[in-house]
Amino acid sequence: MNPRIQNSTKLLTTLRTDTATVYVDGDFNILKLTPDIGRFINILASDIGRPIGHFTLNFQQYTFLVEDIEKVLKSGQAVRKKLQLKGTDEWFELHIKANRSDMPFGKGAAIRIKPIKKPISPITVEQPKNLTDILLETLPDYIFYLSKDAEYVEFLFPKDASPATNPEIYIGKKITDCLAEGEQKRFMHHLGTVLRTGIEQTFEYQTKHEDARIFECRMIQVDDEHALCISRDCTERVMAEKAMMQSEYLYRKIATYFPDGLVVAFNKKLEIISYEGQLGRYFTTNPDALIGKQPFFIKGEHQQFWWHFKDLYAEVVNGKDYRFEAPYRDLTLLFQLMPLKNEEGEIFGGMCLIQDVTKIKATEVKLQAQVEEIMLKNKELKKYIESNLELESFAYVTSHDLKQPLRNIISFAQLLELRYKKQLDDNAKEYIKYIVDNAKSMNAFIEELMNYSRLSSSKEKAFEAVNVEYTLLAIEQNLAQQIKENGVQLVYKNLPSEINVIKVKFVQLLQNLISNAIKFRKAEETPIIQISVEEQKDQWLFQLTDNGIGIEQEYVEKVFQLFKKLHTKTQYEGSGIGLATCKKIVDQHNGRIWVTSKLGVGSTFSFTIAKNLGSEEEDGYGWKG
């Protein structure tokens, strides 16, 4: 066997023990640790940087680790204690010693734990075969002997390594040639520290193979120019730790930005282990002071708040969960409490989610008030519609019943004039003419009122495709006498070929608007009426523009009201029903109608008609069912 291995026999024997080490700084924060320390203190490599006082010891009747470290740092004198491992008959020596001033850690202490048992007999040079066999059978590690230049001097593979692997191929090669980029310098730093100071180093490194692996390395000085390394593949563990850290990071990010909320996690002792969220500052200005403590006993203005949930926290770690709202001061808070379980389903703590829902509740109240207001308006609208339908029905029946008496009045007045013409003086004849003219006017009014009432009847509600240009030509024929007598010019622009409408009512709509424009013309100007159509996304926009007398601005909203007349009968004939009829027809086509006007210049009547009317089942007014 190589003499260097012979010289390392004592070190190899030591490596097979349960010796563990952890280094802390002057504030008791963990700086470095060996993997097997977790057997004695409940810490992991991921806990580096955290105070060692936060972790429990696995020794019987010993809870004074921080106090003993403090004594060592103050006095410089080492502390040794003999302790029994919980649940076993094994005894260990706890050795706390201050770091040397030249160590890279600076001020702090090293805690070493060694077993107290019969020493293992050294493996002597005369048993080279036993050395290799024992190492390969007991250690699942790669063991190699390095020079100060990081060259392999000896190399032993673990028992589960490939049988074809030949350790001789590594001798004389540098381990740094196998390391990932950036790892070489760090590895050489650890090697230099071991050879220069004699201080054992524990670290991780990564290879640069295609299937890169991560190894945990324990490096020990043999002499001034050589070091012994024990490397164990820890790829799976590191990946698991990274996944856990990423998961924890994600949790903390989510919790930190939990809108108007607070996430509190606690262990089975009801001690807070995590306190995150935007609402956290409402209850304390120093969240870190709550970690590791039960909030129920922390003096302050919010102690009563935490005390109220003490029993609930205790029930949560026993498997129960809760969700409820509760007022606190000027806030309304939503609470969700649930147990935390590990992969085996065992409860190890609980979580309390607290969210400020004050604004949400206020919004709910406003929405509820708006809903109630809308429902009330719907009831009023329903009553109005029912009343309007009753009124229309009444108007139709009444108008129908009035027509016969009017016809009788006209007939008898005309008969009276015919039979007694020679016996009547001029005044009597004038009275008879007055009676006939007014009766005829009333008859026309009743006819228009009946037409308006019939708009809501079940007849003439079928939608069909209608050619707009042909419709306007038909209207020109209906109004031929008015158009000719008044010299009206009709101009059409951008007329669509077909639209879906109720044909009879569409004709009535356009004819009413054109008649209206002719009626309210200027006496001194030729009436020009322009009708244009614009296709929009969901509707057709019709515009009828004239150069008539115009409408005062205060009346543009009122002209569509039933019986609303802006002029006396002597000025312009009319019943005040025409434009109200137009509005009702437009409503039945899912559209709206309005007018813009300037007195003395003219008016533009605009209305829209929805597209695709009649393409689905409808209620008779264009509304799809």
**Study point:** Ala326, sole failed condition from (1) at pLDDT below 80; (2) open to solvent by less than 60 Å² (accessible area, probe 1.4 Å); (3) not in a loop (DSSP other than H, G, I, E, B)
**Key:** (1)
Check your understanding: Of all residues in the stretch 521-557, how many are among the aromatic types (Phe, Trp, Tyr) and open to solvent by less than 50 Å² (accessible area, probe 1.4 Å)?
Key -> 2
Study note, to complete from the structure: Considering residues that are among the aliphatic types (A, V, I, L, M) and either exposed (fewer than 12 other Cβ atoms within 10 Å of the Cβ) or modelled with pLDDT under 80 (or both), the number found within the stretch 291-310 is 1
Check your understanding: Inside the stretch 509-520, can you point out the residues that are open to solvent by 30 Å² or more (accessible area, probe 1.4 Å) and either in contact with a Cys (Cβ under 8 Å, 6 or more places away or on another chain) or part of a strand (DSSP E or B) (or both)?
Key -> Asn512
Review point. If you go through the stretch 487-500 one residue at a time, do you hit one that is in contact with a His (Cβ under 8 Å, 6 or more places away or on another chain), within 21 Å of Lys583 (Cβ to Cβ) and either open to solvent by less than 50 Å² (accessible area, probe 1.4 Å) or without any contact (Cβ under 8 Å) to a residue 24 or more places away in the chain (or both)?
Key: no
Point to revise | Any pair with Cβ under 6 angstrom, 6 or more apart, that starts in the stretch 185-214 at a residue that is farther than 22 Å from Ala20 by Cα and ends at one that is of a type in the set (Lys, Arg) and open to solvent by 30 Å² or more (accessible area, probe 1.4 Å) | key: Thr207/Arg213
Point to revise | Among the candidates Lys433, Lys440, residue that is open to solvent by 100 Å² or more (accessible area, probe 1.4 Å), closer than 30 Å to Val586 by Cα and either in a helix (DSSP H, G or I) or at pLDDT 75 or above (or both) | key: Lys440
Practice item. Filter the stretch 221-232 for residues that are over 19 Å from Ala20 (Cβ atoms) and either open to solvent by less than 30 Å² (accessible area, probe 1.4 Å) or part of a helix (DSSP H, G or I) (or both) and give the result. Key: His226, Ala227
Practice item. Go through the residues of the stretch 201-210 one by one and say whether even a single one is out of contact with any helix residue (DSSP H, G or I) (no Cβ under 9 Å at 6 or more places or on another chain), modelled with pLDDT under 90, open to solvent by 20 Å² or more (accessible area, probe 1.4 Å) and at negative phi. Key: yes
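To keep it simple, each residue is scored yes or no on (1) open to solvent by less than 30 Å² (accessible area, probe 1.4 Å); (2) modelled with pLDDT under 80; (3) assigned to a strand (DSSP E or B); (4) more than 30 Å from Ile111 (Cβ to Cβ).
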{"residue": "Pro140", "(1), (2), (3), (4)": "no, yes, no, no"}
{"residue": "Tyr152", "(1), (2), (3), (4)": "yes, no, yes, yes"}
{"residue": "Leu191", "(1), (2), (3), (4)": "yes, no, no, no"}
{"residue": "Glu216", "(1), (2), (3), (4)": "no, no, yes, no"}
{"residue": "Met219", "(1), (2), (3), (4)": "yes, no, yes, no"}
Practice item. State all residues of the stretch 266-317 that are in a strand (DSSP E or B) and touching a residue at least 60 places away in the same chain (Cβ under 8 Å); if no residue qualifies, say none. Key: Phe266, Asn267, Ile273
Check your understanding: Among the listed residues Lys97, Lys71, Lys114, Lys82, which satisfies the condition of being more than 51 Å from the chain's Cα centre (by Cα), farther than 28 Å from Phe203 by Cβ and surrounded by 14 or more Cβ atoms within 10 Å (Cβ to Cβ)?
Key -> Lys71
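The values are calculated or read from the model by the stated rules, or taken from the named source; none is laboratory data. Keep in mind it's a predicted model, so treat the numbers as computed, not measured. Because the Cβ atoms are built from the backbone with ideal geometry, glycine has one as well, and the counts that use them run over all protein chains shown. When the accessible area is computed, the model is the full protein with side chains, heavy atoms only, and any ligands, DNA or RNA have been set aside. Shrake-Rupley method; radii C 1.70, N 1.55, O 1.52, S 1.80 Å.
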